[in-house]
1. Taking the chain as the region of interest, what is the percent of Cα-Cα pairs per 10 angstrom bin, listed from the shortest bin to the one with the maximum distance?
2. Tell me, what HN-Hα J-couplings in whole Hz come from the Karplus equation 6.51 cos²θ - 1.76 cosθ + 1.60 at θ = phi - 60° for each residue of segment 245-254, using x for Gly and Pro?
3. Rounded to the nearest 20 debye, what is the charge dipole size of segment 53-313 about its Cα centre when +1 sits on each Lys and Arg Cβ and -1 on each Asp and Glu Cβ?
4. Can you tell me the orientation of helix 433-443 relative to the chain, as the angle in degrees between its alpha-carbon axis and the longest Cα principal axis, to the nearest 10?
5. Highest GNM mean-square fluctuation, the chain, Cα pairs closer than 10 Å: which of A254, A289, A98?
6. Please identify, among G32, G390, G323, the residue showing maximal mean-square fluctuation in a Gaussian network model of the chain using a 10 angstrom Cα cutoff.
7. Give me the percent of Cα-Cα pairs in segment 371-446 that sit more than 18 Å apart, rounded to a whole number.
8. Checking the table K107/K417; K301/K436; K161/K189; K202/K249 against a 31 Å threshold on Cα-Cα, which pairs fail?
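Laboratory data are not the source of any read-out in this text; all were calculated from the coordinates shown. Keep in mind that this is a model prediction, so the values were computed, not measured. Using ideal geometry, Cβ is built from the backbone for each residue, glycine included, and neighbour counts are taken over all protein chains shown.
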Amino acid sequence: MTVITPITPIKQELKQVSRRGFITNLEGSRRGFITNYPNPTQWNPLNETDVMSREPLNIYVHIPFCAQQCSYCYYRVVTGAKRDEMNRYADALCQEMAMAAERYNLKDRPIRSIYFGGGTPTMLQREQLERITQGIRDNFNHIMPNAEFTIEGEPVSMTQKTADAFRDLPIPVTRISMGVQSLDDDVVKHTQRKDTVDRVIKAINIAQSVVPNVNIDLMSGLAGETMETWQNSVHRALETGVASITVYKTEVYANSQYFRDLRKSKIRLPDDDEELRYFEYAVDAFEKANYKPWSFFAYTKNGDYPHVHAPSLWRGEDYLPLGTSAFGKIGDQLFQNSNDPEKYMQTIESGHFAVNRGHKLTCQDKMVRTVLVGMKLMKLDLDFFQQATGYRLEKLCAPMVNELQENGFITLNGGEKPTELVMTRKGILHGDYVGKQLGRALQELG
Ligand code: SF4
């Protein structure tokens, strides 16, 4: 006898997916052949142009030139570069951004921030800076009206002429960040830097005459540092009235002069406990002067002048890397350009990208990354984590969240259904510890 199977009514098939597109019928039935997920009946109207990402994009431009190789520095930098070499490098940057805008389809992405880092961008001449920023203007159609444009500089190369040029660039600079590291001449001498305190103060004044948003970096735990020299540095930094002060912990890498000097016992570095006391002292002094943290290592005057570039990256936005050594992220792809400046320029000149290595982010990577770099902002929006990953962090890592709470590193805001995970002062003093612990717990989920 022939059995005629009735055609499944469309309504009945649709019942197999909920309004949110989840599969609800997991019985052994052969009905409801799946062709897509989430179910297209749950999708929204879309225009042709919406198919391309319109998410904000951040641009990082790396300038490898420096006046000297500082003793603690492990970056590959170019010292003693001549004008011709810098011109050639500026040309390569312009060519790279034109290729990237076209081939990666980035022309119409709104540009939220531009960051010229290094190395020492202020080593470039006015004409070179103009050419690079004009290149950005020409290749990207939407620089957001309040886009941040930061340029890093070393005090020794921050002349009034250079700083004045920042104002007149095709995209005017809105923020200057200077690697000062120490405001104590004896400590500076151990770093091989050519700065002196007088010169640094002058450079800060010059930067402040151009933009109000001036950041200076200090390094806690340099060779020769004592609590006294550190206190002097912190107070001198506050006296300048800069918009923000960032404190980096000194890290010693095998390719630095510090490493070689340490092995020969030529220098002594403060140990971790001493360094922690220095940082704690700085945090107290910043609080008294009403400098408020926007990350666990950066403080702004009255809480104004929040930084845009780094937080955007830490919240998972894309960033286009331009220049040798530059790191970037487009979608789920992380990548870095060759760290050999000559190889970088040759590859770009031959019409290819100088991408050297990369990593495609997995779902787990994205979760770990969201907490690891996200916690630099001292708090994590738990709804944001759910939006980005599909999970509630406080449930997924409940034991670790409880442990961090019990040990006084974090608190949860929002009562029964927490909305925010916030670092305590203890969490702030321990830097990346909270992010690392949560990241490790997520990794261990397998
Ligand atoms: S100026 Fe900055 S990038 Fe250049 S060598 Fe010194 S620390 Fe490194």
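1. 4, 18, 26, 26, 15, 6, 4, 2, 1, 0, 0
2. 10, 10, 10, 9, 7, 5, 10, 9, 10, 4
3. Dipole size: approximately 640 debye.
4. Between the helix axis and the principal axis of the chain, the angle is about 30 degrees.
5. Answer for the Gaussian network model of the chain: A254.
6. Among G32, G390, G323, the largest GNM mean-square fluctuation belongs to G32.
7. 28 percent
8. From K107/K417; K301/K436; K161/K189; K202/K249, over 31 Å: K107/K417.
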